[in-house]
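What follows is one structure encoded as structure tokens, with my remarks underneath.
Rule-based calculations on the coordinates, nothing more; no lab input. Remember, predicted model here, so these are calculated numbers, not experimental data. Every residue, glycine among them, receives a Cβ derived from its backbone with ideal geometry; neighbour counts consider all protein chains shown.
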Amino acid sequence: MKKTMKYVDEFRNGNLARRMATEITNISKGQKFKFMEVCGGHTHTIFKHGIEDILPENIEMIHGPGCPVCVLPMGRIDDAIAIAKTEGTIFTTFGDMMRVPGSQGSLLDAKAAGADVRFIYSPLDALKIARQNPKKEVVFFAIGFETTAPSTAVTLLQAKNEDIHNFSVFCNHVTIIPTIKAILDSPDLRLDGFIGPGHVSMVIGLRTYQFIARDYQKPVVISGFEPLDIIQSILMLLKQYQTGKVVVENQYKRVVRPEGNLKSLEVIAQTMELRPYFEWRGLGFITHSALKIRSDFVQWDAEERFEVPGLQVADPKACQCGEVLKGVIKPWECKVFGTACTPETPIGSCMVSPEGACAAYFNYGRLSMASQRRDLLATVK
């Protein structure tokens, strides 16, 4: 029988996973390792497929700040809501952002109160809405790492080419490299290596990660998103320690090229530039860690066309989303995890997106495990 599920069945082979897990156990015996998977997509796969359950106890996975929905601070959500509530405005966004709480509610709450907030799949959908509603101001809420920035850039170029002036972008695209550097420089966390983000690397390539191996002596393996991709990447990290060679390796060769996607980088450079600094939930302000719209496209920049509060807003005291994003605590160690904070009633953004560590932990049967671990910690104390 001819196989049709190429790169699905092949990358979910249980026997191969167990063989690699045995090799991981043998290589790592007698040592403890902490590896961070930077990307939220990897976190989702780890929880969904129970990868942590087949790893030895001396291998700890730290869940990094690679979920773009999770890292956006509450102040930027408040700014988005302020724009959405402006009379004559149609505010468009990806589905995840609808439920992320700001200090006075979410975009979904704003929609319920009468704001015209619409869920879309692509920034080009927002441009189409602008064409169809010439008397309305249409705003696209742009979020994501370098993975999604090219689609926003192409939409800006299209708006300029078509001379569509009732369209603008509220730009919140962030960049991965300064964030990793901030984590490496943080005194709160000791890491032994990184599983690098596959989709981001598809755009930016491999060279930008070289400083991690060169200056910090930490190995990096760029990984795909299937279970065997991640397990193999962990094995590759351990083999670097075994051989004493610290480098940037590419496990995701079927997608990622060393030079990245030059066309994508070109359209980003045409339309956007680095901000001097940007606030990240849990990590504070990080230099050159986000993109803003270039002055050549200022008439399509929502931050220039609308009045926004622009305030720094602290997370609710009960929420420890910031600590989860930094990898300082596990989701189940948060006091409100699974009780006051659930995917239906999120207090923090990590419980909203499927790529958020808290939502992934909650959705894939980790609630009972979290309760058991919490009880165990209580007895130890």
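What is the extension gain from Y121 to L157, computed as 0.36 nm multiplied by their sequence separation minus the C-alpha to C-alpha distance, in nm to one decimal?
Working: separation 36, 0.36 × 36 = 12.96 nm, distance 1.84 nm.
That works out to 11.1 nm of additional length.
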Charge dipole magnitude, Cβ of K and R +1, D and E -1 - the chain, Cα centre, debye nearest 20: 1020
Pairs from K29/K335; K245/K292; K245/K326; K32/K292 whose Cα-Cα separation, in the structure shown, is over 30 Å: K29/K335; K245/K292; K32/K292
For V308, V69, order by how many other beta-carbon atoms lie within 10 Å, fewest first: V308, V69
Helix-only CD estimate at 222 nm, as mean residue ellipticity for the chain, using -39500 (n - 2.57) per DSSP H run (n ≥ 4): -11500 deg cm²/dmol
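With only Lys, Arg, Asp and Glu charged, each at its Cβ (+1 for the first two, -1 for the last two), find how big the charge dipole of the range 1-139 is about the Cα centre; round to the nearest 20 debye. Could the numbers behind the result be given before it?
Details: 19 positive and 16 negative charges, 110 e Å.
Dipole of the range 1-139, to the nearest 20 debye: 520 debye.
Looking only at Cα atoms, what is the convex hull volume of the chain per residue, in Å³? Working shown, then result.
Numbers: hull volume 61.8 nm³, N = 381.
Per residue, the Cα convex hull of the chain comes to 162 Å³.
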DSSP-defined antiparallel bridges as percent of all bridges, the chain, nearest 5: 20
Centre separation in Å (Cα based) which lies between the range 111-141 and the range 158-222: 28
Mean-position separation - Cα centroids, the range 76-92 and the range 236-307, in angstrom: 26
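Can you sort T89, T339, T25 from fewest to most other Cβ atoms within 10 Å of each residue's own Cβ? Don't jump to the answer; show the numbers that get you there.
Working: T89 20, T339 12, T25 16.
Sorted ascending by nearby Cβ count, the order is T339, T25, T89.
If packing is taken as the mean number of other Cβ atoms within 10 Å per residue, what is the order of 41-49, 93-101, highest first? Could you put the intermediate results ahead of the total?
Working: 41-49: 22.4, 93-101: 20.0.
Top of the packing list down: 41-49, 93-101.
Kindly rank 286-298, 241-253 from highest to lowest mean number of other beta carbons found within 10 Å of each residue.
On the way: 286-298: 17.8, 241-253: 15.8.
Packing proxy ranking, top to bottom: 286-298, 241-253.
May I ask you to order 275-282, 115-122 by the average number of other C-beta atoms within 10 Å around their residues, highest value first? If you can, show how the numbers build up before the last one.
On the way: 275-282: 19.2, 115-122: 16.9.
Most protected by this proxy first, the peptides run 275-282, 115-122.
Counting other beta carbons within 10 Å of each Cβ, put E259, E37 in order, fewest first.
Working: E259 11, E37 27.
So the residues, fewest neighbours to most, are E259, E37.
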Extension gain (nm, one decimal) between K34 and A269, 0.36 nm per residue minus Cα-Cα: 81.1 nm
Neighbourhood charge, 12 Å Cβ-Cβ cut-off, centred on Q312 and excluding it, Lys, Arg +1 and Asp, Glu -1: -2
Tail fraction, Cα-Cα pairs, the range 195-287, threshold 18 Å, whole percent: 56
Listed residues I51, G75, M61: farthest to the positive end of the dipole of the range 39-100 (Cβ charges): G75
Descending semi-axes in Å of the range 45-96, equivalent ellipsoid built from Cα gyration tensor: 39, 12, 5
